[in-house]
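The structure appears below as C-alpha cells.
The values are calculated or read from the model by the stated rules, or taken from the named source; none is laboratory data. None of the values given here were measured: they were computed from a predicted structure. Note that each Cβ is placed from the backbone with ideal geometry, even for glycine, and that neighbours are counted across all protein chains shown.
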Amino acid sequence: MSDTVRIECFDETPTRVVSGPGALDSSRACLAGMGISRALVVCGQNVAKLPQVGMFACGCEGCTDVTVFSGMSPDPTDEEVMAGGAAGREANAEAVIGIGGGSSMDAAKAIAAEIGHEGWVREQDRPGEPTVIDHGALPIVCVPTTAGTGSEVNPFAVITYTQTERKLVLNHEALFPRCAVLDPTLLTSAPDSVRVAAGMDALTHAVESYINLNATDDTRRRAAEAIRGIAGNLRAAAASADDLPAQEAMQRAAMIASLSFAKTRLGIVHAMALPLSALFGVPHGVANTILLPHGMRFNIPAAGAALAEVAALMGEDTEGLSEEAAAGRAVEGVERLAADVGAPGTMAEVGVTADAIERMAEDAMPSAHIKVNPRVITIEDVMAVYGQAMG
Ligand SMILES: [Fe+2]
C-alpha cells in the first residue's frame, strides 16, 4: 500500500488523479490550484457525517468555501439534480464536488451542468439521443467512497427520470471531472453489502469492456489489470472493511476499469441492469452481480476466446480446455466470487417479478451498450436472459 499521496495523469482521461490515504485532505491544493473559491459538495446523508468529510467541509483560512448539499438518494433523480442545481446557484458555486458512491458523483456531474441552465437535466430525457451541453458546465471534482463505478474518471452520469420511470446514461465531454480524489480511508465506512455490490459492478465493467466489440489492445490492457486486481482483492476487501491495502487495490482497479470502458462502453449486462434499477429499485451493482454470469454465458458463442482469457485473468485453471470450456470457467469463476462475497444470486431474491420482463426488455434495447456487445442481441434474447436470471 502507498503511504503518500500521489498525483497521476492518464492518456484516456483529462481527469487528474490524486490518490493515497489522506488524499481528500490534500485535495484542497487541487481546488486552490483550480482557482475555486466557492464549491458545492454533493453527497448522501451518511457520507455527510463522515469525519473526513466534516473536516473537508469546515474549510480553512484561505481555502475554498464549501456548501454541502446532502439530499442525494442511492439513485439520483432528475428532481434531486434540479434541487442541487438550485442549491448551487444560491451558493454561487464555482465548482461541484461529488463525494460518495457512483450516485453522488453522477449527481454532482449533472448538477454541474444544471446550475448554469435551470431545467437542463429534464431536457436530456431522450433515450438514444446524445446529451447536449451548450451552456458550459462548472468544473467537477469526484471523490469516491466506494470502489465500483469509476465515475470519478469518466464523462458518464446515470440519472433516473421519475415521470417516465427511465434510467438514462448522460454522456458528454463537459462531464469529465477535472480531478479525482482516491482516498482509501473513505472506503472503510461503506456497509459490507455496498462494498460487495460496488466491487462486482467494477468487475462487470472490466469484463464487458474486455470482450467488447470496440476493445483495442490498450483498452484490454486496462481491463485485464482491473480483472486481476478485483479477482485478487474483492474477497479480502469484502471480508474486512479495515483491510486498507485491499480497499486501495479495489479503488484503483475500479478506476482503471473505468479508463477502459469509457472507450469501449459496456454490453448486455449493463443494458439489462438499468431497467432493474429503474422499475424495482435494485441497486446498480446488485443488478449487475445477478446478471453478469448470464450475460457472459450468452456471449460465449461470439466471444469465447476473450472469455477464456478472462478466466485466466481471474486465476482459473484453463490448462488443456477447449475455448468454450475455458470461457465457461470465467462464468464459474464469477459465480464463485459472487457467492464467496455473499452477493444475491437471482432476480427473484431482490423482488423482481416475471411479469415485468417484457417491459424491461423493451427499455433495455435502446441502450448504447447493446450495439457494442460481442454477440448480436434481439429483444427475445434479452427476455430469455432475464428469464434465466429470475432463478
Ligand atoms: Fe456499472
Given the conditions (1) more than 14 Å from the ligand (Cβ to nearest atom); (2) at pLDDT 95 or above; (3) surrounded by 18 or more Cβ atoms within 10 Å (Cβ to Cβ), every one holds for residue 207 apart from (1)
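Of everything in region 154-180, what is closer than 19 Å to residue 350 by Cβ and within 14 Å of the ligand (Cβ to nearest atom)? Give them in sequence order.
Within region 154-180, the first condition is being closer than 19 Å to residue 350 by Cβ, and the residues that meet it are 158, 160, 165, 167.
Scanning region 154-180 gives 158, 167.
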- Task: State whether one or more residues within region 128-144 are within 21 Å of residue 252 (Cβ to Cβ), buried (at least 24 other Cβ atoms within 10 Å of the Cβ), within 16 Å of the ligand (Cβ to nearest atom) and modelled with pLDDT of 95 or more.
- Result: yes
Residues of region 196-218 being without any contact (Cβ under 8 Å) to a residue 60 or more places away in the chain and among the hydrophobic types (A, V, I, L, M, F, W, C), in sequence order, are 202, 206
Given the condition small (Gly, Ala, Ser) and farther than 23 Å from residue 165 by Cα, answer yes or no: does some residue in region 316-323 qualify?
yes
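Kindly indicate which of 268, 290, 256 is aliphatic (A, V, I, L, M), assigned by TED's automatic domain parsing to the domain that holds residue 230 and more than 22 Å from residue 146 (Cα to Cα). So that I can check it myself, show each step before the final result.
Values: 290 fails: more than 22 Å from residue 146 (Cα to Cα); 256 fails: more than 22 Å from residue 146 (Cα to Cα).
Of the residues listed, the single one that is aliphatic (A, V, I, L, M), assigned by TED's automatic domain parsing to the domain that holds residue 230 and more than 22 Å from residue 146 (Cα to Cα) is 268.
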Residue hits (region 257-299; buried (at least 24 other Cβ atoms within 10 Å of the Cβ), farther than 13 Å from residue 385 by Cβ and more than 13 Å from the ligand (Cβ to nearest atom)) are 259
- Message: For the structure I just gave you, tell me whether residue 240 is of a type in the set (S, T, N, Q), in the same structural domain as residue 309 (by TED's automatic domain parsing) and under 21 Å from residue 367 (Cα atoms).
- Response: no
Just one listed residue, out of 218, 183, 201, is more than 16 Å from the ligand (Cβ to nearest atom), under 18 Å from residue 249 (Cβ atoms) and acidic (Asp, Glu), and it is 183
